[in-house]
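J.: I have a structure here, written as structure tokens, and I will follow up with some questions on it.
The values are calculated or read from the model by the stated rules, or taken from the named source; none is laboratory data. Just so it is clear, the model here is predicted, and its values are computed rather than measured. With ideal geometry, Cβ positions are generated from the backbone for all residues, glycine too; neighbour counts draw on all protein chains shown. Areas reflect the complete protein model, heavy atoms only, side chains present, ligands, DNA and RNA absent. Shrake-Rupley method; radii C 1.70, N 1.55, O 1.52, S 1.80 Å.
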Amino acid sequence: MTSRTKVGIVGAGPAGLVLANLLLDAGVDCVVLERQSRRHCETRVRAGLLEHPSVAFLVERGWGERLLAEGKAHEGTVLRFGGRSHRIPYAELAGGRPMHVYPQQELVSDLIGIFLDRGGELHFDVPDVALADLGGEPRITSSVGEWGCDVVAGCDGFLGVSRASVPAGQLQVFDRHHEFGWVAMLAAAPPSTEEIIYALHAEGFAGHMLRTPTISRYYLQCPPDDDIANWPDERIWAGLQTRLGEQGWELQEGPVLEKGVVEMRSYVVEPMRYGRLFLVGDAAHIVPPVGAKGMNLAIWDARHLAEAVLRWVGDGDEGGLDAYSETCLRRIWRVQEFSLWMAHLLHRLDGGDPFLERSQLARLEYLCSSPAAATSFAENYVGLEQV
Ligand code: RFL
């Protein structure tokens, strides 16, 4: 039997859950279908850094209680190159706006709980979602049910079924594979720093990110197609010691909890819509994670789509839905450019080309000595209020 819902949401990541909660708040009927188990969603380690506008939004909606209690506000970041550290006080430079470190899986857990506690309909473990008639009257089919929808929100990440269901030739694809990847590691080690460190070393990029008082995240530049089997724990720690090393500073080690190789890619499809299907978050775009923007963009997209749906449900005005893609893409391209700029600033390029290396160091010196350059970095990093 086919049920009806206004908005069928595929995927319970940050994009799907923000959208679902906004619709539920406004009394708009929606159903969320998620391929993975609840446990998987609530433990999947990914992002950690939330822009100021994302935090302000979550708090304003009343969804930020645990984020504020357990997350940590950050006001600056450290750039380490040439054997020295330089601090960029981004919060101060961006008008007193801090960022927050709060693991993505914790935010996902919060949003799942908030949605289910208020009676939202969310099905986990649905491996076989299929989308039909997206150009006309869309239907979602699956082993747990079939729904006729007015709108389908494709919030199912980069490898989901939504974008793949759009007929060939309907979307323009902008795609860049980068010449570097990351070894990403999570370890049961207290942070060796108060603030995130981004380091550029002759061997390549290294990053030390914060998560909790007992767990830390680390990144090391590696070839894009590297195999994690090439990176035994000792090699990762040694690489971090070398690339992050600074006189008088000590890296605390601990048991490795998780590690893998992350590909760096910049990708956008235009438009973010086909018929009644709207692509939201990673389903429509990905950025190199160095700028810490993907989850933040997913939240922005979801907010715009919710606004557009509410306008249409309220008075039948499709203007917001028609403008959805263009509205989101303005911010997405700004963030693409910033993420690419950061990636090129902080990674060893062209096999260590000395010309590029000197140019990078000049750029880093400028960023750390010019208030204008640092302010431009800060406002993008903390998150532009409007784009
Ligand atoms: P998600 O999080 O991938 O969620 C998609 C959900 O859809 C489900 N799904 C399906 N469900 C039903 N049917 C199907 N066929 C389905 N296929 C998939 C999935 O199981 C999943 O639950 O996409 P969303 O919501 O768009 O959110 C995007 C963010 O997850 C992503 O952009 C960030 O993790 C990127 N990112 C960062 N973003 C930040 O804003 N700040 C950061 O600090 C940050 N650090 C990172 C990152 C991404 C990283 N990796 C792993 C690439 C650090 C790293 C290393």
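J.: Along the positive direction of the dipole of the stretch 126-177 (beta-carbon charges: Lys, Arg +1; Asp, Glu -1; about the Cα centre), which of A130, I140, H177 reaches farthest?
T.: Towards the positive end, the residue furthest out is H177.
J.: Further, regarding this structure: Taking the Cα centre as origin and putting +1 on Lys and Arg beta-carbons and -1 on Asp and Glu beta-carbons, what dipole magnitude results for the stretch 146-225, to the nearest 20 debye?
T.: The calculation lands at about 120 debye.
J.: Right, here's the next one. Hey, got the dipole for the stretch 74-176? About the Cα centre, +1 on K and R Cβ, -1 on D and E Cβ, debye to the nearest 20?
T.: 840 debye
J.: Could you please tell me the mean projected area of the C-alpha convex hull for the stretch 140-230, averaged over all directions and given in square nanometres to one decimal?
T.: 10.9 nm²
J.: Just to verify a number: what accessible area does H344 come out at with the full protein assembly present, 1.4 Å probe, Å² rounded to tens?
T.: 70 Å²
J.: Can you tell which of R38, R330, R243 shows the greatest fluctuation in a Gaussian network model of the chain with Cα springs below 10 Å?
T.: With Cα springs under 10 Å in the chain, the top fluctuation among R38, R330, R243 is at R330.
J.: Mean residue ellipticity at 222 nm from the helices of the chain, using -39,500 (n - 2.57) per DSSP H segment of n ≥ 4 over the full residue count, to the nearest 500 deg cm²/dmol?
T.: -11500 deg cm²/dmol, from helical runs alone.
J.: From Cα pairs below 8 angstrom and at least 6 apart in sequence, can you work out the relative contact order of the stretch 14-124, rounded to a whole percent?
T.: 42 percent
J.: Once the dipole of the chain is set up with Lys and Arg at +1 and Asp and Glu at -1 on Cβ about the Cα centre, which of Y198, G27, M99 lies farthest towards its positive end?
T.: With unit charges placed on the Cβ atoms, the residue in question is Y198.
J.: Pop out the ³J(HN,Hα) list for the stretch 192-198 in order, Karplus 6.51 cos²θ - 1.76 cosθ + 1.60 with θ = phi - 60°, rounded to Hz; leave Gly and Pro as x.
T.: Running phi through 6.51 cos²θ - 1.76 cosθ + 1.60 with θ = phi - 60° gives 9, 7, 7, 9, 3, 10, 10 Hz.
J.: What's the local net charge at L349, with K and R +1, D and E -1, over the other residues with C-beta under 10 Å away?
T.: Here the count lands on -3.
J.: Report the normalised scattering of the stretch 260-343 as log10 I(q)/I(0) at q = 0.17, 0.21, 0.24 Å⁻¹, calculated by the Debye formula with identical scatterers on the alpha carbons.
T.: So the normalised log intensities are -0.66, -0.91, -1.11.
J.: Between P371, P98, P289, where does the largest GNM mean-square fluctuation fall for the chain, given springs only between Cα atoms within less than 10 Å?
T.: Maximum fluctuation in the GNM of the chain, among the listed residues, is at P371.
J.: For the stretch 315-380, what does the equivalent ellipsoid look like in terms of its semi-axes, each the square root of 5 times an eigenvalue of the Cα gyration tensor, given largest first in whole Å?
T.: Output for the stretch 315-380: semi-axes of 37, 16, 5 Å.
J.: Something else now. Where is the GNM fluctuation largest for the chain (alpha-carbon springs, 10 angstrom cutoff): S325, S165, S339?
T.: So, out of S325, S165, S339, the one fluctuating most is S165.
J.: Would you work out which of L58, A373, A69 lies farthest towards the positive end of the dipole of the chain, given +1 charges on the beta-carbon of Lys and Arg and -1 on that of Asp and Glu, about the Cα centre?
T.: A373
J.: Net charge near P288: determine it from the other residues with C-beta under 15 Å of the C-beta of P288, scoring Lys and Arg +1 and Asp and Glu -1.
T.: Every neighbour counted, the sum reads +1.
J.: Right, next: Mind checking the dipole of the chain: about its Cα centre, +1 per Lys or Arg Cβ, -1 per Asp or Glu Cβ, Debye to the nearest 20?
T.: The calculation lands at about 320 debye.
J.: With the crude spin-label approximation of a point 7 Å out along Cα→Cβ, what separation in nm comes out for F158 versus Q386?
T.: 3.3 nm
J.: Same structure, new question: Non-local amide H neighbours of R46 (under 5 Å, H modeled in plane, Pro and chain starts lacking H): which ones?
T.: Amide H neighbours of R46, under 5 Å, 5+ apart: Q104, Q105.
J.: Accessible area, 1.4 Å probe, largest first: how do F174, F124, F278 sort?
T.: F174, F124, F278
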